[in-house]
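Following: one structure in structure tokens, then a few remarks.
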Amino acid sequence: MSTIATRLVTQTRTPERVAKIGVIIGVLAFFFALPPLEARAPWVPALVGMVALFLGVFALTRGAGRVGWYAVAAGVIGIGLGLLATRSSTGNLESVVTWGSLIGSTLIWATPLCYAAVGGMINERSGVINIGLEGMMLSGAFFGCLGADKFGNWEMGLVIAAVAGAGFALLYAFFAIHLRADQIVGGTAINFLALGVTGYFFIQVYGDNGTPGDLPRIPEADIPGLKQHTFFGDAIGHLNYMIWASFVLLVVAQIVIFHTPLGLRLRAVGEHPRAADTVGIPVYLTRYLAVMTSGILAALGGAYLSIGYVGSFGENMTAGRGFIALAAVIFGNWRPFGAYAAAILFGASTALSFRLATYSDSASVLFQALPYVLTLIAVAGVIGRSFPPAAVGRPYAKQ
């Protein structure tokens, strides 16, 4: 019986594996037309994409379901983009697709999302939805600038940003946990409150002139020996300290949440708070700490934008990245590295959108919508396959 069962499982998984191979081949159909390979013959991406289509159809006819459709879509998109790449001039193509600098830009744009997404994941693992991540990021961006300006160093900027994020998070936690208010409405209110507070103080403190041009900025870590290497030097040779810290954050979050008693308590509160309370786990305290942690991390992500990358503050400069971070949490199935994969997708599409202006200055604004469109498609693709904590969004009343 065990042998029959093993064969059945193998037969069930085989179409899905074929479909996944088809997705990879569909991506290669586009990749072959890009530097450094630069296949200029249209039949190359067309042939490779047709293989992906064949594998997708093969998987669909054997019950692969959604993954099979992914392979079909990858084949069609790979053929289309590959043919467009072959029609592009090599000069434009090489200016857009410079892999080293493209990877570096991807990490830059993915980093603020990484901090906010890990914070949102911790928040939701405790059973609380934090729609207010956008506002907490924005508060960190402004108060990080303010702290760096007034204290004269970027370290205090990060500290002040973390305090601001914790303050907004504590206010939200009081309404969501203690008063058991609607968490969606409460988070939206925090977003508007942060937008108003940062806008008011920005005008009061800096006026029409904006933040000074000599703000202390988070430095970059230059790796000796990589500057001379074109690819690795552009990709990781001089990344910001906050980018390297984000890698450490991912590892620490993974270990703490899934391999420590503290993480077990956090997940227990998010899955079944009544049972957790019965065995002595303080549900309210755990949720308060989780919400405040998410606020601090989101604010650090915002501070990276202002004093780590841009070097100034502009009103509403987060531009919806808090909501993208929430989407990354769902895309990553409430796991750190899964959420970071979504952040990388957004970062890569953002970096690419600025480079695509090479082809059309008039359509450059339209290209900037690319990251948001891809994020919507990615989240839509995982709906039905992601499993949130059972008690997320449900206020808990201690009896």
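Modelled this way, with points 7 Å down the Cα-to-C-beta line, the labels at Val185 and Thr14 are 5.6 nm from one another.
Here the simple spin-label model places points 7 Å from the Cα toward Cβ, and for Val248 and Ile77 these points are separated by 3.5 nm. In the chain, the portion of solvent-accessible area held by carbon and sulfur atoms comes to 70 percent [1.4 Å probe, whole percent, DNA, RNA and ligands not counted]. On the basis of the beta-carbon distance and an R0 of 41 Å, Asn92 and Thr260 show a calculated FRET efficiency of 0.20.
Taking 0.36 nm per residue of separation and subtracting the current Cα-Cα distance, fully stretching the chain between Phe337 and Leu170 would add 57.5 nm.
Contact order normalised by length for the chain, with contacts defined as Cα pairs under 8 Å and 6 or more residues apart; what percent is it? Don't skip to the end; give the middle numbers.
Numbers: 750 pairs, mean separation 95.3, N = 399.
Contact order relative to length: 24 percent.
Ligands, DNA and RNA excluded, the heavy atoms of His238 present near 80 Å² of accessible surface to a 1.4 Å solvent probe. Helical content of the chain, expressed as a calculated mean residue ellipticity at 222 nm, amounts to -23500 deg cm²/dmol (DSSP H runs of 4 or more residues, -39,500 (n - 2.57) each, divided by residue number, nearest 500). Length gained on full extension, Phe151 to Leu289, computed as 0.36 nm times the residue gap minus the Cα-Cα distance: 46.9 nm. Please report the net charge: other residues with Cβ closer than 15 Å to the Cβ of Ala46, K and R +1, D and E -1. Charge balance in the 15 Å sphere: +2. In terms of its C-alpha gyration tensor, the range 1-139 comes out oblate, because a/c is 1.5 or above while a/b does not outweigh b/c. The slack between Tyr200 and Trp69, meaning 0.36 nm per residue of separation minus the straight C-alpha distance, is 42.2 nm. For the chain, the solvent-accessible area of protein heavy atoms averages 47 Å² per residue (probe radius 1.4 Å; ligands and nucleic acids excluded). Given a 1.4 Å probe and the protein chains as shown, Met242 ends up with an accessible area of around 20 Å². Projecting label points 7 angstrom from Cα along Cα→Cβ for Leu226 and Asn209 puts them 3.8 nm apart. Split the chain at each of the trypsin sites (Lys or Arg not before Pro) in a DSSP loop with at most 16 other beta carbon atoms within 10 Å, and the longest piece is 228-384. Taking one quarter of the surface of the C-alpha convex hull of the chain gives a mean projected area of 24.2 nm². Only helices reaching 24 angstrom along their own axis (Cα) with mean Kyte-Doolittle hydropathy no lower than 1.0 count here, and for the DSSP H runs of the chain these are 43-61, 66-87, 154-173, 183-206, 241-259, 283-303, 336-355.
If you find the alpha carbon centre of the range 238-275 and of the range 166-205, how far apart are they in angstrom? Between the Cα centre of the range 238-275 and that of the range 166-205, the gap is 24 Å. Its relative contact order, with pairs defined as Cα atoms under 8 Å and 6+ residues apart, puts the range 1-141 at 24 percent.
The values are calculated or read from the model by the stated rules, or taken from the named source; none is laboratory data. Note that the structure is a prediction, hence the values are computed from the model and not measured. Methodologically, a virtual Cβ is constructed for each residue, glycine included, from the backbone with ideal geometry; neighbour enumeration extends over all protein chains shown. To get the accessible areas, we keep the full protein, side chains included, count just its heavy atoms, and leave off ligands, DNA and RNA. Shrake-Rupley method; radii C 1.70, N 1.55, O 1.52, S 1.80 Å.
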